[in-house]
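For reference, the structure discussed in these notes is given below.
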Amino acid sequence: MVRLTRQLEHLFRFVGKLSAVPERPEPDQPRSPALRADEHGPALRADAERNRSRIIHAARAVFAEKGLDAPLNEVARRAGVGIATLFRRFPARDDLITATFAGKMTAYAGAIDDALADPDPWHGFCAYVGQVCSMQAEDRGFTDVLTVTFPTAKGFEADRNRAAAGFAELIDRAKAAGKLREDFAHQDLVLALMANAGVVNGTGQAAPDAWRRLVAYLLQAFAADAARPLPPPPSEGQMYRALLRLQPKDD
């Protein structure tokens with residue numbers, strides 16, 4: 001159990017699309033520490049706080065539409081501020097991402113608590129997978145956030161690790177109940193999220209509910225009574241090396 005939990009935490013940190021390379025601040029841009037979502041410093045001046053809120057609101061919309069690679073110039077434009085103002089508040093792209101999605105990451109961690117509270121482990125497992133895939137479908141930006149690590153955002157990562165530990169326990173319970181196939185590996189959830197992200201991004205508004213059919217197929221395949229021999233899952237190292245190829249390049 002402890003080993004599986006640690007493997008999940010490691011895999012959730014590195015699997016998925018790696019975060020985008022931060023855009024360079026302007027030459028005269030101050031390099032003060034980031035205002036992170038999990039830090040509590042002195043209250044910002046009223047105008048600075050308004051700018052920060054406008055930037056986060058704009059980032060939420062831009063990332064949802066275009067993903068985490070979206071140009072930060074577009075975020076600044078929609079927020080009605082200059083790019084220098086954006087970088088004063090958020091010196092790196094990761095700072096803006098974690099501030100934007102802090103609430104959703106907390107909800108993501110809360111979903112595993114609901115699943116573990118279900119007296120039927122299999123129902124809880126299916127509900128959890130469905131809910132997380134639904135969160136992906138609702139927000140393209142969060143699709144990437146689920147599998148990117150942000151080591152400087154302690155609260156953000158604490159939520160992710162709590163979800164990973166809870167899912168390890170949920171796997172054990174569902175297998176003990178005889179409902180989840182015995183060869184289900186924690187890598188299979190990540191593969192499912194990657195597949196779902198591909199369907200969500202590929203179908204877009206043309207077929208916005210197509211992901212539901214994919215998830216239904218996957219859940220049926222995960223059931224113990226549908227189990228047939230499968231190839232072995234990819235190792236953590238293989239997953240990591242494959243996903244390194246997706247790392248965004250410098251412009």
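Length gained on full extension, HIS57 to ALA176: 38.4 nm, using 0.36 nm per residue less the C-alpha separation. Considering only PHE90, ALA153, TYR108, and ranking their Cα positions along the charge dipole of the range 82-156 that arises from unit charges at the beta-carbon of Lys, Arg, Asp and Glu, the one farthest toward the positive end is PHE90.
Among TYR108, TYR128, the ranking by other beta carbons within 10 Å of each residue's beta carbon, starting with the fewest, stands as TYR108, TYR128. Multiplying the residue separation of SER134 and GLN205 by 0.36 nm and subtracting their alpha-carbon distance yields 24.1 nm.
Taking a ≥ b ≥ c as the square roots of the Cα gyration tensor eigenvalues, the range 195-242 comes out oblate, since a/c reaches at least 1.5 and a/b does not exceed b/c.
Around the Cα centre of the range 106-181, unit charges on the Cβ atoms of Lys, Arg, Asp and Glu (plus for the first two, minus for the last two) sum to a dipole of about 260 debye. On full extension, the segment bounded by SER235 and THR106 gains 43.6 nm, given 0.36 nm per residue less the C-alpha separation. When each of the peptides 85-92, 62-69 is scored by the mean number of other C-beta atoms lying within 10 Å of its residues, the order from highest to lowest reads 85-92, 62-69.
Eigen-decomposition of the gyration tensor built on the alpha-carbon atoms of the range 142-216 gives equivalent ellipsoid semi-axes of 24, 22, 9 angstrom, largest listed first. Binning the C-alpha pair distances of the range 73-191 at 10 Å intervals from 0 yields a P(r) profile of 12, 38, 28, 13, 7, 1 %, listed from the shortest bin outward.
The numbers here are math on the coordinates, done by the rules we state, and not lab data. If you're wondering where the values come from, they're calculated on a predicted model, not measured in any experiment. Every residue, glycine among them, receives a Cβ derived from its backbone with ideal geometry; neighbour counts consider all protein chains shown.
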